Every structure is written in C-alpha cells, then in structure tokens.
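One structure is given below, encoded as structure tokens.
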Amino acid sequence: MSTKNLQLFNRFSMRWGGFAGDGLQSTGLLLQKYFNKLGYYVHGSPGTQSTIRGGHVWQHVEINTTPFSSFDRPLDLLVALNSETIDVHGRDMRPTGVILYNADNVSSSDLSTYIEKGIMAIGLELTQMARKVDLQTSVLANTVAVGAVLALLDLPKSPYTEVLKKRFTNRETIIKLNIDALELGFNSIKEDQVKWSLAEPAQPAENYLVISGNEMIALGAAASGLKFLAQYPITPASSILTYLSNHAAKLGVVVRQAEDELAAINMIIGASYTGVRAMTASSGPGLSLMSEGFGYASMTETPLVVVNAMRGGPSTGVPTKMEQADLDSMIHLSHGESPRLILAPRSIPEAFDITVRAFNLADRFQIPVIILSDFALSESTQNLPPFDMDVEIDRGKIWSKPTDEFPEFKRFQSTADSIAPRAFPGTPDAQYILVGAEHDEESHSLSGNRCGLPESWDIREKMIERRYKKFELLRQELQGPNLYGKSDAKLTLLCWGSTEGAVKELVDEFISMGNSVNMLSFADLYPLPSEKIRPYLTNIKTSVMIEVNFNGQFEELLHNELNWRADHQIHPLTGETPTASSLKKALSKLNLEEIQ
Amino acid sequence: MTQEYDKKLFKGTVRPNWCPGCGDYGLLSATTKALSKQGYQPHETVIVSGIGCSSSFPHWTSAYGIHMIHGRALPAATGVHLSNPDLKVVTVGGDGDGYGIGVGHLIHAARRNLDITYMVMNNQIYGLTLGQSSPSSQEGHITLTTPEGVDERPVNPLSLTLGAGATFVARGFSGDNKHLQTIIEAALEHKGFSFIDVLSPCVTFNKLNTYDWFRDRVYKLEEEGHDRNDIQAAFGKALEWGDRIPLGILYQRRYHTLAESDRVVANQNPSKSPLGFSANKIDQESILDEFR
C-alpha cells in the first residue's frame, strides 16, 4: 500500500480498552483469528471486571513472527474507546507507540502528557463513523477501529472479512455491516499516518487454532471420554461449562448446570459410581463449597476430576484476576486425611495433556484429581498447531465377572497395590453400598454397631494405610519439573502453573543479554514427586521462587518435603498476570549479582 | 397384581440397627417388597441416601447403593440416573436430611422431573443426634434444643414439592404397611419425580407424634373421592394437618422427564457409550476448525 520506509516489527503488542459491554473480548478474538490466518503467532489476554455494562475492560493482543510463550506489558498500540483506557494503560506505552482513540469519547487534552513524550495520537470519531454504517449496532465502532488498525499496520482487509463471515455464519446483515465498518475505518487512515509494517513470519503458523486454557481443558475432557459434567457458573471457570453446553450433543457429554457447587460435586460422584467419567469445574468459592463432597470421593475411592480455575481470594476476593493462592487449600480441601492428586497446567497446550492424564490417573488410582488452573491460564488465548485428540484411555481396574484373581467382588479387597477393581451398577453379583463412613473390604460401614469394637480398630488402621499406600504409588508416577535453559546456570527461576510462559520469556531475555539463567517449572504438585525433584534442587546455585501468593505456598511444600528453601522470592500480588517485564522489574529490586 | 414374587429378593444380609419399633422398618419392608413385586433386580437398582438413622436404609438391602454425605442424596441420585437411565433409582432419607440441610436439592430434583423416587422417613425429630428439633417438628414440641417448645413453623413437604413442580406427590404412614406399599408401587411405576412423605414415628425421641397419635388422625384420600389429577385439590389436601391427616396420592401428572428432554440422555445411555473421539466417530477436524 505504501512505498515509503516503514518501521518493521517482528513482535507487536496492542491493547484495546473501553467500557464493559463494548464487545472488546469478541473483537480481540476475531483479531487473533485474523493474525492467525496470516500465519503470525498470537497471544491474547482479557482484562475484565465483575461488570456487565460500564466499568472498564480491556483486551490485550500480541503478535509475533516466531512462536512465543506469553504476552508482555509494553504496548506499541493502544486503542482507547474511552478516556479511562488512557488513564489505566497509558503507562504501559512504549515511547515509539501510537494511541488510537475514539475522538467522540476522548478529548485530545487527555493525551497531552503522552504526546509530550513523543507518542503519536490518532483520533477518529469511531462512534459517529459506526452510526453512519448503522444506527442500532453500537459495537460496530470496534470494527471501524479494526479497519484503522489494519491500515496503520499496512495489512490486508480481506482475511478479516473471512474471519467475520465465519463468526457470523448465515447472518448476512451483520456481516455486511461489519464489512462496511471495516472499510470505513481502513480508509480513514491517511497515507502519511502509515508508519508500520509487520515482518513476514519466516515459518508461518499454518492451520493453527486460537484457543483458551478452559477450552483446552474441555477438549481434553471430551477426548478422554467425559460423559457427565455438572457445574455452577463462576468466573473464571464458566467457559468450560459454556463450551461443553454448546457441544454436548456432538461430544456425547451430559452437561448439567447444577443449583450450586454442593450439587455439582455430588452429582458427579453419583455419575462416577455408575462408571462414567465425570467432571466439575469451579473457582475458589465453589471449591470451598465442594470440600465435603471432595472428601467423600477420596474416602470412597471414587474417581473425579475437579477443575479449580483460581482467582484472587479469600472469600469473594478479586473474582476476575489471577492468583495462585489456593494450593494450600486444595492440599487440605475437606476434613480428615484424604489423599488427592493436584496437577497445575503450565501452558494452554499442556492444559489438554494434563486433563487427559487427570482422567487416567483418577481411574487408575481411584482418587479425586484437582486440575489447578487460574484466571490467566483459563481465560487467556493463543494459537497453536492442530493436535491429535485420540488419546490413550486407561480406566484402571474394573470387575465385570469372576476372575481367578477376583473370584468374588469385594469393593475394597486388600491387594498388593491397595487398589481393588470397581464394579458398576448393572453388574450382577457385585452389589455394594458406597459409604463415606469408614468401611471394611466389602464396603460395610463401621460407623454403626461395629464402631469401637476391637475388630474395627484393625480395619480402621488397615483402610487408612490402604488409601495412603496407593497415594505413595501415585507419587512415583508423577513427573519432576521442566528445566528450561542450561542445567548449570548461575541463577535459577522457579515457578509452577501458568506463570511458566512469562518466566520462559524472561529467561530468554536474560540469556540474550549474556546472563546465565535457567528455569524450573512444576506441574505435578501433590503428592510431590520429591525424589524426581531433589537432583534439580541440589544443582541450583542461586534461586528465586516466583509464585502468585503471599505465603510462598509451593515453596513451603518443597520445604516440608525436601527441606529446601529458595534464596529469594517474588510474590506478585497486584492481580495482574505476571509478564516478563513485570517480573524483570521485580527481579531488579533484588540486586542479584548473577544478572547485573 | 396377585402374582407370586420373592419378598426377600431385596432383603440385605446386614441386620438393621434401628431401634425396635422404629417406623423406618415399615418403609424398608414395603420398599423391598414393592421393588421385587414390580420385577426390578437388585443389581439394576441403586438406592441412594443421605445421613441420619433412616439413611442407613441402603445397607439393609441387596441392591447397589450410595450412602451419601448429609443432605446430598438427591444430587448423587441425579448423577446416577442421568449417567445410566436404565437403572432404577430410589432415594431415601430423613426429615433432617431432606427438609433441612438438603431441602434446596429437593426443589431442583422436583422441577427437573428426574425419573426417580424420593421417600422421606419423616419422624419430626433428629434421632441419630439424640433428640433435637427438626425442620418438620410440630410447633410447641419440647425437644433437646427447644426446652420451651418449638417456636418455628414446620416445613410442609407436600405443598413444597407440589409448588416445586413434582409430578407425583404422596404421603404414607409406616403404621399402615399395606397401604404404604401400594403408594410405593405407584411411585415406582410413575414416570417422573415421585415423592412420598412417609410418617415414620421415632419411638425413642418423639413422644408426641406417636403411632397412636397418627392412627387417631390419618385417613385415606382414595376413600374420600380425591381427584389426584387436580392440583388445586392437591394443594388443599397438602395444607390439611391436625385433627385429620390425609394419606395416599395427592397429585400425579405425566410431564416429560429430564432424561427425555436432555439432548444426550434422550438418545443414548452414557454409561454404555464408548469413550473417546474415534470410538464415537466424532470428526476431530470439525471440532478444531471452530477455533480458526
């Protein structure tokens, strides 16, 4: 389009800000699909509030010519649909950046401090332009702005039209209005305003998918043979319910919106008892309500998969922000001593694999499994290559008729590995009563007339040992951390769960600056596979533990099990997802000689 | 139905530990007989209960069962039923379990019209915890926790479930086992959510609402020409409590069940369908392409 010298970007970061209800998340997703179509690598991260209309929301979209692990804060472009966007996000602008603002809502005086710094400001009357296209459809202002952004980046319009057509299949009027709006915005950028160009990706992302962490969990569950999901809506877990509700018939999953989280977990206990794979998903407040049912599942050796997409706690906390503060409460969820497995996916791609593992381990070890996600992982998006969803399914031991090993059925028969086969209703000669009271091998309750009698003493001890024996076997199956970088680095950054992406980016940056830094990131948290972790820890020279909670919960776990502590800690608690830039800033305050 | 049936088919091997004379024996015996009489098999039946004296019920039968945590029998029963609609699901519990801690689920099970039977052994007292008042305790009743008498109004399980949309609402009395069994048989036969409030005297802790107290008051609806298809008449009978207490089926109607309306359950038995995409001939590409 332009022949003059354009500033060439390999990585470009933009953020859109406006009122809740402006449809920014949906525009952000369409934009990511657009860049995906062009072969770029994209990451998206939403900034939301507990507001339906009004309030302030934003959507971050970052584009790269090579694969990358996380979005970052500094902005090349800020699209401000209202003036609050400039107050909130102006501080993240690069000095070379551009603010594209809706001149109908923002006055140029709001921008003076940024213009003084050399940031370019382009005002467009987005609302009025949108009204020219259609008086009724206010969100068209976003599409007008998309047109302008594409023009600013010297990019073609037609792939966006294709994305729109797919999004609004068979809704011709909406498609037409959006195309008109796109055109109008595109043409509103004057040729002398076009200063940028995106470099072509050397190896374009071909046929990639734009997908969120929650969608990967939902797909992982469906691929694993999920048959029953019961869930109560809560941020940031709701999109699992939404995705599976919309695909229930196609995927053969019974999806029920429960009346509360108590019902949700107890419904899936009933479902699992019949032999189907069952799951629920929630966030901290819902998990608190589920705790009694969760303990029942552990006591009765009922396989379950429970997703906790963590948000800021305690109580209502910070519902739409990211935190990793539920690890302790997940380890101790429910009273008494009840074994469980906790897996924390480190990335959107891994969310699928971890979900598949969660179902297999739940069945094999007859144990409830918590998938510990968080707002950042669950609600962020990225593009990734298509993958095979035919996964290995291991249902563990199942009894359907007498065998040499198990001539008759006893649900909790003593075995070498403390795991006895399950039988499902409908199977003749295997009737038993699942019971949360302590029970004998045949699942007869000890809480009634046998309670306190000497025979019950032994059974009680045996059954506790049994549940913890399989817990130890499970520990041996789990995996140690990911090592990223050289094993002999002078500085090791440790993290778990979703912060891996940002920490990887930070390690890359330090290495490119000539520092000796590596990363250890953990997904298999509990039971902690201590013996697989120990060699990594002994190898560390100087360490910084990064986790998004106040008390250093994972570090405490490492300390309890391995008598190990980090030299330094970073606990970012603002609620905003840690990025390489924000972590670098926090690290610089530690004045470490390893990264001078 | 006069044919012979095995009255002991559903009888368990473990002896109940209820107090001698407990009303719950009446329901246990009527239920196990009704299940057998109607041709159900123990291995295809799941009996789900909550917590309380009466919730030990499944242990005294030969069926599959889930002895749940307090108040959550109905959610567990929901999961069982929707995952394998071929199973016969019977849910039981006491008034503390069903009308106190778990009453929220009762409303939702009723409005969902789950094809299950729910029977509450209502003794108007907390027995297992040795005699506190219950949500259905009569006003003025002196209990461990109400030394001057209960000062709250009792829950009305019949108007509650009628209001929630239950399609079968009945009351039985464990002092009249034959009559109770006929109600249970009708409930098991009913397609949809069938609810029975079973007056089930606690001989140890409730010295007020005794067998004799009830015998002086109960009468049978079917003997007085009650029309069970008339919901207004049913509400009228639900509100009747005092000198006269109605027994029998207050209300019954056919309405589509959740298993009939659920997009998945209506077409398959989830517990019998294979696992994984290729086994179900699900086109992976069409799933993935939505993300482009």
From the list A:L493, A:L506, which residue is part of a helix (DSSP H, G or I), buried (at least 19 other Cβ atoms within 10 Å of the Cβ) and away from chain B (no Cβ under 14 Å)?
A:L506
Can you tell which of A:V356, A:V391 is in the same structural domain as A:P319 (by TED's automatic domain parsing), over 23 Å from A:F554 (Cα atoms) and modelled with pLDDT of 95 or more?
A:V356
Within the stretch A:267-292, which residues are of a type outside the set (V, I, T) and assigned to a strand (DSSP E or B)?
A:R277, A:A278, A:M279, A:A281, A:S282
Across the stretch B:236-291, what is the total count of residues that are in contact with a Pro (Cβ under 7 Å, 6 or more places away or on another chain) and closer than 21 Å to B:S200 by Cα?
2
Among the numbered conditions (1) free of Cβ contacts under 8 Å to residues at least 60 places away in the same chain; (2) surrounded by fewer than 17 Cβ atoms within 10 Å (Cβ to Cβ); (3) among the acidic types (D, E), tell me where A:D110 comes up short.
(2)
Restricting the stretch A:2-48 to residues that are modelled with pLDDT under 85 and out of contact with any Pro (no Cβ under 9 Å at 6 or more places or on another chain), the residue that is surrounded by the fewest Cβ atoms within 10 Å (Cβ to Cβ):
A:T3
Give just the number: which of (1) within 27 Å of B:P75 (Cα to Cα); (2) out of contact with any Asp or Glu (no Cβ under 8 Å at 6 or more places or on another chain); (3) surrounded by fewer than 24 Cβ atoms within 10 Å (Cβ to Cβ) does B:Q138 not satisfy?
(1)
For the stretch A:253-282, which positions are over 20 Å from A:V356 (Cα atoms) and among the small types (G, A, S)?
A:A258, A:A263, A:A264, A:G270
Among what's in the stretch A:441-464 and is of a type in the set (G, A, S) and within 44 Å of the chain's Cα centre (by Cα), pick the residue that is modelled with the lowest pLDDT.
A:S447
Restricting attention to the stretch B:229-256, which residues are touching a Lys or Arg at 6+ places or on another chain (Cβ under 8 Å) and either within 14 Å of chain A (Cβ to nearest Cβ) or among the aliphatic types (A, V, I, L, M) (or both)?
B:I231, B:A234, B:I245, B:L247, B:I249, B:L250
Just the residues that are part of a helix (DSSP H, G or I) and either farther than 16 Å from A:V253 by Cβ or more than 8 Å from chain A (Cβ to nearest Cβ) (or both), please, taken from the stretch B:268-285.
B:K272, B:E285
Counting only residues that are crowded, with 19+ Cβ neighbours inside 10 Å and away from every other protein chain (no Cβ under 14 Å), give me the strands (runs of 3 or more DSSP E) lying completely in the stretch A:311-403 with at least 3 of them.
A:341-343, A:368-374
Which of the residues spanning the stretch B:190-207 are surrounded by fewer than 17 Cβ atoms within 10 Å (Cβ to Cβ) and either out of contact with any Gly (no Cβ under 6 Å at 6 or more places or on another chain) or part of a helix (DSSP H, G or I) (or both)?
B:K191, B:K207
Condition first: free of Cβ contacts under 8 Å to residues at least 60 places away in the same chain and either more than 7 Å from chain A (Cβ to nearest Cβ) or surrounded by fewer than 24 Cβ atoms within 10 Å (Cβ to Cβ) (or both). Now tell me which residues in the stretch B:70-86 satisfy that.
B:H70, B:G71, B:A73, B:L74
Looking at the stretch B:89-115 only, could you name the residues that are more than 9 Å from the chain's Cα centre (by Cα) and among the hydrophobic types (A, V, I, L, M, F, W, C)?
B:V89, B:I101, B:V103, B:L106, B:I107, B:A109, B:A110, B:L114
Before we move on, is A:E206 surrounded by fewer than 24 Cβ atoms within 10 Å (Cβ to Cβ) and either on the phi > 0 side of the Ramachandran plot or at the interface with chain B (Cβ under 7 Å from one of its Cβ atoms) (or both)?
no
If you check A:A264, A:A202, which single one turns out to be among the aliphatic types (A, V, I, L, M) and assigned to a helix (DSSP H, G or I)?
A:A264
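Yes or no, residue by residue, for (1) among the small types (G, A, S); (2) on the phi > 0 side of the Ramachandran plot; (3) surrounded by 24 or more Cβ atoms within 10 Å (Cβ to Cβ); (4) more than 7 Å from chain A (Cβ to nearest Cβ):
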{"residue": "B:T32", "(1), (2), (3), (4)": "no, no, yes, yes"}
{"residue": "B:L35", "(1), (2), (3), (4)": "no, no, yes, yes"}
{"residue": "B:S49", "(1), (2), (3), (4)": "yes, no, yes, yes"}
{"residue": "B:T61", "(1), (2), (3), (4)": "no, no, yes, yes"}
{"residue": "B:G65", "(1), (2), (3), (4)": "yes, no, yes, no"}
Output for Cβ contacts, cut-off 7 Å, separation at least six or different chains, first residue under 13 Å from A:K321 (Cα atoms) in the stretch A:44-60, second at pLDDT 95 or above and of a type in the set (D, E), reads A:P46/A:E379
Working only within the stretch A:226-241, note down all residues that are within 13 Å of chain B (Cβ to nearest Cβ) and either touching a Pro at 6+ places or on another chain (Cβ under 9 Å) or without any contact (Cβ under 8 Å) to a residue 24 or more places away in the chain (or both).
A:K227, A:F228, A:A230
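The values are calculated or read from the model by the stated rules, or taken from the named source; none is laboratory data. If you're wondering where the values come from, they're calculated on a predicted model, not measured in any experiment. In this analysis, Cβ positions are derived from the backbone assuming ideal geometry, glycine residues included, and neighbour counts consider all displayed protein chains.
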